[in-house]
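In what follows, a structure is listed as structure tokens, so that the remarks can point back to it.
The values are calculated or read from the model by the stated rules, or taken from the named source; none is laboratory data. None of the values given here were measured: they were computed from a predicted structure. Using ideal geometry, Cβ is built from the backbone for each residue, glycine included, and neighbour counts are taken over all protein chains shown. Keep in mind that these areas ignore ligands, DNA and RNA; they rest on the heavy atoms of the full protein, side chains included. Shrake-Rupley method; radii C 1.70, N 1.55, O 1.52, S 1.80 Å.
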Amino acid sequence: MASGTALIYDEEMTTHKLLWSDPICDIEVPERLSSSYEQLKCYHLVERCVQVPAREGSEEEILLVHSSEHLEVAKSTQTMNEEELKRVSGNYDAFFFHPNTYCCARLAVGATLQLVDAVMLGKVCNGMALVRPPGHHSQKNAANGFCLFNNVAIAAEYAKRKYSLQRILIVDWDVHHGQGTQYIFEEDPSVLYFSWHRYEHQEFWPSLKESDYDAVGLGRGKGFNVNLPWNKVGMENSDYLAAFFHVLLPMAFEFDPELVIVSSGYDSGIGDPEGQMNATPEVFAHLTHFLMQLANGRLCVILEGGYHLKSLSESVCMTVKTLLGDPVPQITGEMAPCLSAVESIQNVRAAHKPYWKWLMYEGNYYSISSSKCNWQMDSCRHSKLLRLIPCFVLYLGIWSFTFVLNSFSLLKDAEGNDFFAAVLGFILPIAYSYQPDLTVIAVGPNRSLGISGISLLFALLQGLAESRIFAVIEVRSGAKPIQLKIRYSLSCQLSGFRHTLFCSLLKCHLL
Ligand code: Q9C
Ligand code: ZN
């Protein structure tokens, strides 16, 4: 597997700026890019990355997604004076042209494609491109919401063609709905588009009916467009994690993408004037860490929005640090999602039930583990309950893990997928609400889970306890020991223990 993290940045993209006064557009400033890059330097992250140069995207590449009319209008702005620029900008909802905008937008496209190439050719494992102008609002024939060309959509289309990819996942964690990306792929089953966004029952910009949870895609693309509208501001880490556990991740594992592209807006972070949300920079480390478990780690993160310079640059650093493989910082605070978030999550799950196996079968394991499943949506009460255990260790290995495995052996068509739906919907929420300082995992001998499943389980749990994992793996005497590629973990393998004995052994060591 490829290693290394690419970072793409070109100072030229700071030349695109607003030349007149416009209170709607004045937050999209060049400093968004330069301050993010400075912060990366400050944390010595730039030197740890593979620096890949940007390039200009070609006309042909832009035409993968946009009309020639749109390209021509954009091109024509290069030689306009301020008055003309202002007039053309006025044709769009929230966009401004500068004489160098066209050049910057081509660099933004090219930088994104450079990252896709670096990842697809195995030069690096993953990476981030810091670009301006952003892309996800831009449509076939229109600039919109600070976006001229849809960088991420072009990248997905490019990757589909150049590398014959059949499944690409786009995760849009920007706080605005990437309606441009939705329009481009809504009939395309080969691109799964997920977006969460501030919605407030259609009050918030761009105030579209089609940003709601019931826009699931069209024609052959039905089921491959996933909107999670936030109907209240102030969403926190727990709400974002719940969205990942209960919507995005189970879907993504079932989809099994060959490449993951993030429309990485940080206006969903704390302090942002647009988003008004409360998620801290650390949450982006967790989101990144989860997405790194898909597509063999092929993850391209492309900057979109983010207008609070400090919040933006810290969040960018969290993302890059995680891409580089550093342990994920602990998340503190309330771990129960709020009622409004739970409502949105339930709505999007219901809307997608006809299209995803994991949602169709959910009744099976939810009924088996029904008493425990109440916890996932009420993890506050649950977390207090768990904290009564006088122990710094999440007792995952012994109780929850064996519980779920056992209940799965009761299922007729229990496959790995169902197991991971349970891990995501049940074990991870419990684990995150407990906030352990150490994770202990016990793996028994009669497991239906293969080595890749075990590795994935471990990887998912490494977002906890700053990656401190104590693994006890029971193997039959004579069986091959299990090799797990895990950093920062301590594991020991026992052979010949009877399972019950082995559990009580651990119990007395821990309690
Ligand atoms: N009353 C990105 O974050 N706001 N774009 C318009 C009109 C536009 C955000 C408000 C916000 C665009 C990439
Ligand atoms: Zn945004």
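Just to be sure I understand, how many residues within the range 261-281 are within 13 Å of the chain's Cα centre (by Cα) and open to solvent by 10 Å² or more (accessible area, probe 1.4 Å)? Residues meeting the conditions: 0.
Scanning the range 34-50 for residues that are part of a loop (DSSP other than H, G, I, E, B) and open to solvent by less than 40 Å² (accessible area, probe 1.4 Å) returns LEU45, CYS49. Of the residues contained in the range 109-128, none is found to be touching a strand residue (DSSP E or B) at 6+ places or on another chain (Cβ under 8 Å), within 15 Å of ligand 2 (Cβ to nearest atom) and not in a loop (DSSP other than H, G, I, E, B). In the range 294-313, the qualifying residues are those that are of a type outside the set (S, T, N, Q) and away from ligand 2 (no atom under 16 Å from the Cβ), and the one that is farthest from LEU456 (Cα to Cα) is LYS310.
Being under 30 Å from ALA118 (Cβ atoms), away from ligand 2 (no atom under 16 Å from the Cβ) and open to solvent by less than 10 Å² (accessible area, probe 1.4 Å) holds for only one residue in LEU291, LEU287, and it is LEU291.
For the range 129-141, taking the residues that are in a loop (DSSP other than H, G, I, E, B) and open to solvent by less than 30 Å² (accessible area, probe 1.4 Å), the one that is farthest from SER58 (Cα to Cα) is identified as HIS137.
Does any residue of the range 90-99 turn out to be on the phi > 0 side of the Ramachandran plot, in contact with a strand residue (DSSP E or B) (Cβ under 8 Å, 6 or more places away or on another chain) and surrounded by 14 or more Cβ atoms within 10 Å (Cβ to Cβ)? The answer is yes; a qualifying residue exists. Of the residues screened, GLY306 is one that is farther than 22 Å from PRO257 by Cβ, open to solvent by less than 10 Å² (accessible area, probe 1.4 Å) and not polar (S, T, N, Q). For the range 220-235, residues that are touching a residue at least 40 places away in the same chain (Cβ under 8 Å), open to solvent by 40 Å² or more (accessible area, probe 1.4 Å) and not in a loop (DSSP other than H, G, I, E, B) total 0. Among the criteria (1) over 27 Å from LEU259 (Cβ atoms); (2) more than 16 Å from ligand 1 (Cβ to nearest atom), the one ALA118 does not fulfil is (1).
Checking the structure you have, find out if any residue of the range 178-200 is in a strand (DSSP E or B), without any contact (Cβ under 8 Å) to a residue 40 or more places away in the chain and either within 17 Å of GLY145 (Cβ to Cβ) or within 16 Å of ligand 2 (Cβ to nearest atom) (or both). Yes, the conditions are met somewhere in the range 178-200.
Within the range 130-149, the set of residues being within 14 Å of VAL301 (Cα to Cα) and not β-branched (Val, Ile, Thr) comprises LEU130, ARG132, PRO134, GLY135, HIS136.
Contact map, the range 278-307: residues that are part of a helix (DSSP H, G or I) paired with residues that are charged (D, E, K, R), Cβ distance under 7 Å, separation 6+ or inter-chain. Pairs shown: PRO281/GLU314; ALA285/LYS321; ALA295/GLU258. Listed by position, the helices (runs of 4 or more DSSP H) enclosed by the range 314-373 that each have at least 3 residues that are at pLDDT 85 or above are 339-352, 357-360. Selection of the range 150-177 for residues being open to solvent by less than 10 Å² (accessible area, probe 1.4 Å), more than 16 Å from ligand 2 (Cβ to nearest atom) and either out of contact with any strand residue (DSSP E or B) (no Cβ under 7 Å at 6 or more places or on another chain) or not aliphatic (A, V, I, L, M) (or both) yields only ILE154. The number of residues in the range 52-72 being farther than 20 Å from VAL301 by Cα and open to solvent by 50 Å² or more (accessible area, probe 1.4 Å) comes to 6. Only one of the listed residues (LYS17, LYS86) is open to solvent by 20 Å² or more (accessible area, probe 1.4 Å) and closer than 18 Å to ASN144 by Cβ. That residue is LYS86.
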